[in-house]
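For reference, the structure discussed in these notes is given below.
What follows draws every value from the coordinates through simple rules; no lab data is involved. Model, not experiment: these values are computed from the prediction. For neighbour counting, all protein chains shown are included, and Cβ atoms are generated from backbone atoms with ideal geometry for every residue, glycine included.
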């Protein structure tokens, strides 16, 4: 400014001298100051001309900012520029939000994802840990997981049920709706990609126009029963995935990542797309990766090698079989042991199992059942049993009966049983065996008494039978006479034989036989005569018997006349029967040895 | 294969869908027309010795009840403007529609199909009018969805115009 004032003063002074030497002075002055003056004028013009000044600044503005930053005075520069930049951004968004949105798209996605991923990671980690350390059986695993994590069981199940299958993935040019690439999962149904892509775009457009006019966001999901279409959109491209089942929300992350990658790699091809999908063929591996994610949620145990599973199954079956067989054996052995304990004559004190061998300790009466045979009958292996049974005398009723049988040899028809030390013979036995029984039984171990109430004496029965036969005989006599009727000799001979048999059989039974010969008459005549006649008849028979050497001592004749008629005498037949002699047998126990001979030997004189 | 997005435009009942139904591959139901106003089909043509997939957006004809959704035209490479030759009004409507399309989308290859040419006795388009249109730069085809006349040709001309661009 001072310089400018000086120059103006100098010019004014020069104009004030209109003299002749003015010209020369002017010339001189021109020679001296003209170059500076021109320079000053140029500078003046550059300063006054806005356009030029702008041009000058534009040359150095970048360097100036750079220099300022290098001086380390960033904050002042940032503070100075901030309002302008903010205003610029605001204005840019106001004019056309797409410009900024498109510019920020590649950075916003990752930034947002990173933030969300961080939040989720903590939660997922606890889940994953719980999963990894759980049992292999899924149901129990999930229950335990629920218990451990404190989360509702339904939530755990839901988390594990996120099985899905991405059947088709479409890469679509956003503006034209033309398909750029299309991949289909193996064996999944595939439609015409061009038409599907077109209609998907149309539906997107329809939804946008109908429900969000003016918005640029796309329809994210479409669901048809089990099929879900997930759509993610970028500035120039759209990825649509047809998913059967329920893909986790995280699947959209993978879609977004793929889309961003494609947007980045093919930005130029997308911008200048004219319908040629050729350049996008190379994107196939990227979108095919989205098909592969379907396997991500599969439980790891399904990938176990088949051979290992089969081997495991066989081992399990064998183990189960072995355990089952062992249990079966144990059950069978314990059943056998309880049966063995019930066996008379066998006492099981203890048993132990050692590997495949059963050791049984106790006592056994030699007359009891053979334990080895019992083992075989139970269907078990007798060789796997080690029997340590000491012999003893059992007082079990069954064994006592068996022992008595062995010692007494009962005749056929006689059985022996025992009850509480009492031996009970049943059936019919001859006198001599009964005598033996009575003699030997008390010596048998376990027998304290013999109950003979069920035992018949066959010898005694025979004796009684003979007696009956003899007593039924009627020896007939003619009217008024004491000689036998003709034809009665056979009867007499038979009676004699029976008397001899009676005497013989009475001996072992220790009985003394006495045979009364009773003479009878009919009512014809007077009683005194009849008494005599009857006695004569009895004597007559006695004489006949004595004649045949029957011991006279046992024959006692007597006459009863008509006092003991055998029949009523209303008929001739009745009277005939009353003219007779009958027998009456008396059995009496043999007296002591001293009197025996006199009783049996000495015959009374009458 | 090269793909091109082609729209079928024209008033209600001029025969767009009939043209499409007879000569293209379809997989979607006609119901899409009435629900979302567009049905997508496909036609493969051979233009200049190159196979070309035309993805046809058959857009529901405009009428008093429904306005055409301009957004469906985004990114199209060409269009077939269909007129009912037995109703002159549909030509005027089509040309007005064309003006709207050009102002919103820009100029893209197009073919004007004067359809229902089988009904010659009811034909309402004067030869002079056709000449004027041709002079204005229109590629004209007298088509008949009923007999199939010139339909392939109309699509082919459109495909060639798109390829030449």
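With a 10 Å Cβ neighbour count serving as the proxy for reagent exposure, in which order, fewest first, do A:71, B:4 appear?
Fewest-to-most ranking of A:71, B:4: A:71, B:4.
Averaged over the residues of peptide B:51-59, the number of Cβ atoms from other protein chains lying within 10 Å of each residue's Cβ is 4.
Over all directions, the projected convex hull of the C-alpha atoms in region A:309-385 averages 5.6 nm² in area. Sorting A:322, A:433 from the fewest to the most surrounding beta carbons within 10 angstrom yields A:322, A:433. Entry note, chain B: relative contact order of 26 percent, from Cα contacts under 8 Å with a spacing of 6+ residues. Each residue, residue B:128 and residue A:456, gets one label point 7 Å from its Cα in the Cβ direction; the gap between the two is 15.4 nm.
What is the extension gain from residue A:393 to residue A:564, computed as 0.36 nm multiplied by their sequence separation minus the C-alpha to C-alpha distance, in nm to one decimal? Numbers along the way, then the final one.
Numbers: separation 171, 0.36 × 171 = 61.56 nm, distance 6.31 nm.
The residue A:393-residue A:564 span can extend by a further 55.2 nm.
Relative to the current alpha-carbon distance between residue A:190 and residue A:317, full extension at 0.36 nm per residue lengthens the span by 41.2 nm. Remark: spin-label model distance residue A:211-residue A:81 equals 4.3 nm, labels positioned 7 Å along the Cα→Cβ axis.
Estimate the FRET efficiency between residue A:306 and residue A:104 by the formula 1/(1 + (r/R0)^6), using the beta-carbon distance for r and 56 Å for R0, to the nearest 0.05. That pair, residue A:306 with residue A:104, gives E of 0.65. Going from the fewest other Cβ atoms within 10 Å to the most, the residues A:586, A:258, A:352, A:521 appear in the order A:352, A:586, A:258, A:521.
Summarising the label geometry, the points placed 7 Å from Cα in the beta-carbon direction at residue B:165 and residue A:436 lie 13.6 nm from one another. The alpha-carbon atoms of the protein assembly as shown define a convex hull whose volume equals 512 cubic angstrom per residue.
Working note: 222 nm ellipticity from helices only, DSSP H runs with n ≥ 4, each -39,500 (n - 2.57), summed and divided by the residues of the protein assembly as shown, gives -16000 deg cm²/dmol to the nearest 500.
The shape of region A:55-95 can be summarised by an equivalent ellipsoid whose semi-axes, obtained from the alpha carbon gyration tensor, come to 23, 15, 6 Å from longest to shortest. Under 14 Å from the 7 Å Cα→Cβ point of residue A:586, by amide nitrogen: which residues of region A:548-571? Only A:553-559 pass the distance filter. Taking only the Cα atoms of region B:11-131, the ratio Rg/Rh comes out at 0.96, with Rh defined as the Kirkwood radius. For peptide A:270-283, the mean count of partner chain Cβ atoms within 10 Å of a residue's Cβ comes to 2.
Assuming R0 = 60 Å, what is the FRET efficiency of residue A:342 and residue A:485, from their Cβ-Cβ distance, to the nearest 0.05?
0.25
Between residue B:102 and residue A:149, the C-beta separation translates, for a Förster distance of 60 Å, into a calculated FRET efficiency of about 0.40.
Classify region A:162-299 from the C-alpha gyration tensor, please: rounded if a/c falls under 1.5, else prolate or oblate depending on whether a/b exceeds b/c. Oblate shape, in that a/c is at least 1.5 and b/c is the bigger or equal ratio.
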